[in-house]
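Student: The structure's right below; bear with me while I get my questions together.
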Amino acid sequence: MSSVQIDKTGRVMVNIPKKLAVSMGIEKGDIAHVMKGEADNEIKIVIEKV
């Protein structure tokens with residue numbers, strides 16, 4: 001299961017299962033941009049390759 005954690009300073013950490021990350025080409029150190037989704041309780045995460 002994927003998770004998103006936001007600390008008191010607003011820093012975001014995204015945890016994605018390794019099997020899913022490998023299949024999507026996501027590597028450690030890539031940057032995750034978190035945005036508000038279309039619904040009130042939804043967020044969008046865009047991965048930027050470094």
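Student: Check whether at least one residue in region 36-47 is in a loop (DSSP other than H, G, I, E, B) and within 8 Å of the chain's Cα centre (by Cα), and report yes or no.
Tutor: no
Student: Also, I was wondering about something else. Which of the residues that make up region 9-32 are in contact (Cβ under 8 Å) with a residue 12 or more places away in the chain and either touching an Asp or Glu at 6+ places or on another chain (Cβ under 7 Å) or in a strand (DSSP E or B) (or both)?
Tutor: Passing the criteria: Val12, Val14, Asn15, Asp30, Ile31, Ala32.
Residue-wise test of (1) touching a Gly at 6+ places or on another chain (Cβ under 9 Å); (2) at pLDDT below 90.
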{"position": "Val4", "(1), (2)": "no, yes"}
{"position": "Asp7", "(1), (2)": "no, yes"}
{"position": "Asn15", "(1), (2)": "no, yes"}
{"position": "Val22", "(1), (2)": "no, no"}
{"position": "Val34", "(1), (2)": "no, yes"}
{"position": "Asn41", "(1), (2)": "no, yes"}
{"position": "Lys49", "(1), (2)": "yes, no"}
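Student: Take the residues in region 1-28 that are open to solvent by 60 Å² or more (accessible area, probe 1.4 Å) and of a type in the set (Gly, Ala, Ser); name whichever of them is farthest from Lys49 (Cα to Cα).
Tutor: Within region 1-28, the match that is farthest from Lys49 (Cα to Cα) is Ser2.
The values are calculated or read from the model by the stated rules, or taken from the named source; none is laboratory data. None of these values were measured; they are calculated from a predicted model. Note: ideal-geometry Cβ built from the backbone for every residue, glycine included; neighbour counts use all protein chains shown. Areas reflect the complete protein model, heavy atoms only, side chains present, ligands, DNA and RNA absent. Shrake-Rupley method; radii C 1.70, N 1.55, O 1.52, S 1.80 Å.
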